[in-house]
Amino acid sequence: VQGNWPFSGSYRRAGAMEGRAYYKSDAGWVIHWDSKAALWKISQESELTQCSAWAPGQVEAPLEPPRLGWEVPDEVRGILDEDSIRAALEENGADGEAVDRLVEALSAPDPAAPSGPKQIFRSKGEKSLAEELKQVSDFAASADDVWSAAIQKMQRRLLA
């Protein structure tokens, strides 16, 4: 599995489960078929009921896990607090209305503090910071630049 994920690395066939092969990494991750969900899943070997990534089966090779098309939960791609992302956007020239639209599109309440500030996801469902920034006129900064600036703001605040 390619990428910079905790479950990235090489997997080898380790047996069968639910009529399909399952694969194991040296780090304790397993790729297995979940027949109820009709998905291939990547889970910790000790926690097969929870998954860190998933992908549908392939029509051309239904008994093998796919090489591409894996999904991860939105929070794995990154979450920041609302104040940090607002400050980074405004610092890079976004007007208040554009900032409000972007925050609304990518936000969700913090489950640990539902009445507190919103969490801003780098990707939320079909929406992403990069795609939302394309809708902001005369905005030159990239999504990576904005995200990095917001991370720095959050770090400075937490370390102060």
Next on the checklist: Return the pair list, or none, for Cβ contacts closer than 8 Å from residues in the range 126-145 that are over 14 Å from ASP95 (Cβ atoms) to residues that are of a type in the set (Lys, Arg) and assigned to a loop (DSSP other than H, G, I, E, B), at least 6 apart or on different chains.
Outcome noted: SER128/ARG122; LEU129/ARG122; ALA143/ARG122
Item to check | Some residue of the range 110-119 being within 23 Å of PRO6 (Cα to Cα), surrounded by fewer than 17 Cβ atoms within 10 Å (Cβ to Cβ), of a type in the set (Gly, Ala, Ser) and modelled with pLDDT under 95 | outcome: no
Item to check | Flag for PRO56 being assigned by TED's automatic domain parsing to the domain that holds ALA27 and out of contact with any Phe, Trp or Tyr (no Cβ under 6 Å at 6 or more places or on another chain) | outcome: yes
Item to check | Close pairs from the range 61-83: first within 27 Å of LYS118 (Cβ to Cβ), partner of a type in the set (D, E, K, R), Cβ under 7 Å, at least 6 apart | outcome: ASP74/LYS124; ARG77/ARG122; GLY78/ARG122; GLU82/LYS118
Checklist outcome for this item: Those helices (runs of 4 or more DSSP H) completely within the range 5-122 that have 1 or more residues that are closer than 30 Å to ASP145 by Cα and of a type in the set (S, T, N, Q) are 82-91
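The values are calculated or read from the model by the stated rules, or taken from the named source; none is laboratory data. Computed from a predicted structure; not experimentally measured. Note that each Cβ is placed from the backbone with ideal geometry, even for glycine, and that neighbours are counted across all protein chains shown.
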